[in-house]
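Single-structure report; data block below.
The values are calculated or read from the model by the stated rules, or taken from the named source; none is laboratory data. Only a predicted model underlies this, so the values are computations on that prediction, with no experimental measurement involved. Glycine gets a Cβ as well: all are built from the backbone with ideal geometry, and neighbour counts include every protein chain shown. Protein only, heavy atoms only, side chains kept; ligands, DNA and RNA dropped before computing areas. Shrake-Rupley method; radii C 1.70, N 1.55, O 1.52, S 1.80 Å.
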Amino acid sequence: MPRLLLHTCCGPCATACIERLRDGYALTLFFSNSNIAPRAEYDRRLAAARKLADLQGLPLVEDAYDHAAWRAAVQGLEDEPERGRRCEACFAFNLGRAARYAREHAFDGFTTTLTVSPHKAAPVIFSIGSRLGPFLATDFKKQDGFKRSLELTRRLGLYRQDYCGCEFSARPPT
Ligand code: SF4
C-alpha cells in the first residue's frame, strides 16, 4: 500500500479521516501544530492524538513545538478574522512541515485532517497542499465526515477542544 503521512491537527479530527483512509494507505500520523496556544492546550491535544494512535495501532510522529516560529509566520495577520489570511499562513506553516517530513522520509504522499472541520475551506487547503508536494486532496467533511468524527470521539473518549488553536481564536472567558 502507498505510504501516506497524515498531518493530524488533533485526535478528534483524525478519527474519521483514519477510518476513511486506512484500507487504502499505510498511514503515519504527523502531529505538527505549533499554532496551538497555550502550551498546556497543546499538551492536551497531543495526549489525545497519542491515545488515538495507540487505539488504532498506528505510528505517530511528534514534530517539535515552535510557537515562536509560528508567530513569526503569521506576523502582521494577528487581527485577521478566522478563515482569513492568518489561517492560510497557518495552514502553509503546518503543511509545509508535513511536506518536508514526507519528502525526507520517502512517503508517497501527504494529506491533512484539517478538512474535516466545517470551519475550514477545503479548496484553500488543497491549493496550499498541492503547491508543497504530492498532496492527497480529500475533503473529509464530505459524506458526514464531521458528524462521524464527533461520534468516534465520543465513543473513544478523546479530549475535544472548543476553539481552533491559536491565541487569536481562543474564546474570551465567560
Ligand atoms: S484560527 Fe485556527 S487556522 Fe486560523 S490561525 Fe488560528 S489556529 Fe490557525
Of the numbered conditions (1) open to solvent by 10 Å² or more (accessible area, probe 1.4 Å); (2) in contact (Cβ under 8 Å) with a residue 60 or more places away in the chain; (3) not polar (S, T, N, Q), Arg50 satisfies every one except a single condition; which is it? (2)
Any residue in region 95-107 that is within 30 Å of Met1 (Cβ to Cβ), over 16 Å from the mean Cα position of the chain (by Cα) and open to solvent by less than 30 Å² (accessible area, probe 1.4 Å)? yes
For region 124-152, enumerate the residues that are part of a helix (DSSP H, G or I), out of contact with any Ser or Thr (no Cβ under 6 Å at 6 or more places or on another chain), in contact (Cβ under 8 Å) with a residue 24 or more places away in the chain and away from the ligand (no atom under 13 Å from the Cβ). Gly129, Leu132, Gly145, Phe146, Arg148, Leu150
In region 165-174, what residues are open to solvent by 50 Å² or more (accessible area, probe 1.4 Å) and either without any contact (Cβ under 8 Å) to a residue 12 or more places away in the chain or under 23 Å from Lys51 (Cβ atoms) (or both)? Arg171, Pro172, Pro173, Thr174
With respect to Leu158, determine if the residue is modelled with pLDDT of 95 or more, part of a helix (DSSP H, G or I) and either open to solvent by less than 60 Å² (accessible area, probe 1.4 Å) or not aromatic (Phe, Trp, Tyr) (or both). no
Restricting attention to region 131-174, which residues are under 22 Å from Ile18 (Cβ atoms) and small (Gly, Ala, Ser)? Gly133, Ala137, Gly145, Ser149, Gly157, Gly165
In this structure, does Ala69 turn out to be assigned to a helix (DSSP H, G or I), within 25 Å of Pro134 (Cα to Cα) and either of a type outside the set (A, V, I, L, M) or in contact with a helix residue (DSSP H, G or I) (Cβ under 6 Å, 6 or more places away or on another chain) (or both)? no
Report the residue count in region 76-94 for those that are loosely packed, with under 14 Cβ neighbours inside 10 Å, within 12 Å of the ligand (Cβ to nearest atom) and in a loop (DSSP other than H, G, I, E, B). 6
Test for Arg45: is it of a type outside the set (Gly, Ala, Ser) and surrounded by fewer than 18 Cβ atoms within 10 Å (Cβ to Cβ): no
Suppose we keep only residues that are among the hydrophobic types (A, V, I, L, M, F, W, C) and touching a residue at least 40 places away in the same chain (Cβ under 8 Å) within region 95-123. Which one would you say is farthest from the ligand (Cβ to nearest atom)? Ala106
